[in-house]
Structures are given as C-alpha cells and as structure tokens.
1. Mind listing just one residue for me: the one in the stretch 33-42 that is assigned to a strand (DSSP E or B) and open to solvent by 40 Å² or more (accessible area, probe 1.4 Å) and, of those, nearest to Ala90 (Cα to Cα)?
2. Restricting to the stretch 53-79, give me the number of residues that are of a type outside the set (S, T, N, Q), open to solvent by less than 70 Å² (accessible area, probe 1.4 Å), within 16 Å of the chain's Cα centre (by Cα) and within 15 Å of Leu31 (Cα to Cα).
3. Any idea how many residues of the stretch 43-52 are open to solvent by 40 Å² or more (accessible area, probe 1.4 Å) and not in a strand (DSSP E or B)?
4. Report yes if Pro118 is part of a loop (DSSP other than H, G, I, E, B), touching a Lys or Arg at 6+ places or on another chain (Cβ under 9 Å) and either over 16 Å from Ser27 (Cα atoms) or open to solvent by 70 Å² or more (accessible area, probe 1.4 Å) (or both), otherwise no.
5. Taking the stretch 105-115 only, how many residues are out of contact with any strand residue (DSSP E or B) (no Cβ under 9 Å at 6 or more places or on another chain) and surrounded by 12 or more Cβ atoms within 10 Å (Cβ to Cβ)?
Amino acid sequence: MSPSFRAACFAVSVSCVSASSTASSMSDATLAILEGRQPHASFQVSGHLERYVRSAIGSASPVFAEIRSVRRYAKPGCHRLHVRITAPDAVSVDPNTGKPVTFVFEMEQDLCADGTPPPAR
C-alpha cells in the first residue's frame, strides 16, 4: 500500500470520527456512541466521503463503515473508537501472495463527545 493511499485512508477515517458536515450519518453515529446511546453503528457511507474513498481506491464499490467503542474513559463521553471502512466489491491482488483481497481499513482513535481527546492519565 502506497504512502499516499495510507494517508488517504487515514484522512477518511479521521473524518469518520469527527463532527463533519459532509458525513452527518457518521457524525451522528459517532456522537451516539460517545454519549452512550448505542454501543456501535454499521452503515453504508454516502456523499462526499463515499466519493473520496471511491476515488482513493479507484473503485465504484459501495463503501461501508463500522464504528464501535472499545474502551470507555473516566471522563463522561470519552471513548476509544474502532473504525472499520470496507468496500467489499473493491478487489485487488495482494502483491506478496497473488491472492485477491478486498479493501479494508481499520484504525482506533481516542475521542470525547466535545471533539477533544480524553485527558491524559
């Protein structure tokens, strides 16, 4: 995976867990998780982020996101979030094995409902 592709994936993931007006469903889902209204969310990405991911991976495949809390911090509304972005129909060949692989990008980020990171311990 090229450095620019990794950077594009990281930017998409950061957008997923920030209060972005271009990703209201992701922002709403993230806020619901941070506020404790739901433990996780899975949905199809649409709008600007969908176009961005499709452009980055060079595919017209549908893009899906899963967000879940993997840790709750002492400060209310603060969690470690796991974000998984997939495009199941975007298949490429692994250069090391020659086997087909689908696009999956995962990351974790510490975030509070007010948009800040949790306080240091």
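1. Among those residues, the one meeting the criterion is Ser42.
2. Total meeting the criteria: 4.
3. So the answer is 4.
4. yes
5. 0
The values are calculated or read from the model by the stated rules, or taken from the named source; none is laboratory data. The model shown is predicted, which means the values in this text are computed figures rather than measured ones. Note: ideal-geometry Cβ built from the backbone for every residue, glycine included; neighbour counts use all protein chains shown. Please note that ligands, DNA and RNA were not included when accessible areas were found on the heavy atoms of the full protein model with its side chains. Shrake-Rupley method; radii C 1.70, N 1.55, O 1.52, S 1.80 Å.
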